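S.K.: Pasting a structure below so you can have a look.
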Amino acid sequence: MERTFVAIKPDGVKRGLVGEILTRFEKRGYKIAALKVLNVTEEIAQKHYEEHIGKPFYPGLIEYITSGPVVAMVIKGENVIEEVRRIMGATDPNKAAIGTIRADYAQVMQRNVIHGSDSKASAEREIAIYFDESEICE
Ligand code: IDP
Ligand code: MG
């Protein structure tokens with residue numbers, strides 16, 4: 001079964017949206033295969049957002065993701081990578097479809113509540129940054 005990496009960003013955790021977000025995935029029928037709360041270090045943040053190095057928003061992005069605890073998880077299900085991206089909504093909450101997580105809970109890109117991998121390759125790369133295979137359940 002396909003798997004993806006999801007992280008509830010510091011603003012989502014601070015605002016108490018963890019349960020709400022997990023509920024959306026669970027109701028859809030996806031399985032939570034791994035879950036942890038962690039403080040993202042500068043080193044983890046740089047690896048995670050490698051593709052954005054050099055972009056104008058990069059320093060702010062690193063500051064944001066390291067600003068407080070994050071809830072990281074591996075979710076499994078049919079076509080879960082694409083579907084989680086749909087459930088999250090567009091990067092810019094103002095362009096996200098109504099009913100998506102970002103449209104329902106966020107106002108600006110700089111604090112858009114949630115991360116989800118955008119491809120199979122990204123999912124595997126990001127899972128490996130945050131989890132050891134032994135931490136992931138079948
Ligand atoms: P994604 O999270 O929807 O995959 P990416 O383009 O991978 O979007 O960007 C990673 C994160 O960087 C976004 O979720 C958002 O928090 C932030 N970001 C992306 N583009 C901008 C921008 O133009 N201004 C400010 N922040 C941005
Ligand atoms: Mg992305």
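Bear in mind that the values in this text are calculations on the coordinates, not laboratory data. Computed from a predicted model, the values in this text were never measured in an experiment. Heads up, the Cβs are rebuilt from the backbone with ideal geometry, glycines too, and the neighbour counts pull from every protein chain shown.
S.K.: Is any residue of the range 1-38 close enough, with backbone N under 13 Å, to a label point placed 7 angstrom from the Cα of E138 along the Cα-Cβ axis, and if so, which?
M.R.: Only 1 pass the distance filter.
S.K.: Which of the pairs K36/K76; K27/K120; K55/K95; K9/K76 have their Cα atoms more than 18 Å apart in this structure?
M.R.: Exceeds cut-off: K27/K120; K55/K95; K9/K76.
S.K.: So how do 64-70, 89-95 stack up, highest first, on mean other-Cβ count within 10 Å?
M.R.: Details: 64-70: 17.7, 89-95: 15.1.
Those peptides, ordered most packed to least, come out 64-70, 89-95.
S.K.: I've got another one for you. Rounded to the nearest 500, what is the 222 nm mean residue ellipticity of the chain from helices alone, with -39500 (n - 2.57) per DSSP H run of 4+ residues and division by all residues?
M.R.: Result for the chain: -11000 deg cm²/dmol, rounded to the nearest 500.
S.K.: Quote to one decimal, in nm, the extra length available between E43 and S67 on full extension: 0.36 nm per residue of separation minus the C-alpha distance between them.
M.R.: Length gained, E43 through S67: 7.3 nm.
S.K.: Under 8 Å for C-alpha pairs, at least 6 residues apart: give me the relative contact order for the range 27-78, rounded to a whole percent.
M.R.: 65 percent
S.K.: Mind putting together the pair-distance distribution for the chain? All Cα pairs, 10 Å bins, whole percent per bin, short to long.
M.R.: 12, 46, 37, 5
S.K.: Considering the convex hull of the alpha carbon atoms of the range 1-82, report its projected area averaged over all viewing directions, in nm², one decimal.
M.R.: For the Cα atoms of the range 1-82, the hull's average projected area reads 5.8 nm².
S.K.: In nm, to one decimal, how far is the modelled label at R28 from the one at N94, with both set 7 Å along Cα→Cβ?
M.R.: 2.6 nm
S.K.: OK, next. Taking amide H positions as placed 1.01 Å from N in the peptide plane, with prolines and chain starts having none, which residues 5 or more places from Y30, or on another chain, fall under 5 Å of its amide H?
M.R.: Here nothing satisfies the definition.
S.K.: So what is the relative contact order for the chain, in percent, with contacts set as C-alpha pairs under 8 Å and at least six apart?
M.R.: Relative contact order here is 37 percent.
S.K.: What FRET efficiency comes out for D118 versus M1 if R0 is 22 angstrom and r is the Cβ-Cβ distance? Round to the nearest 0.05.
M.R.: 0.75
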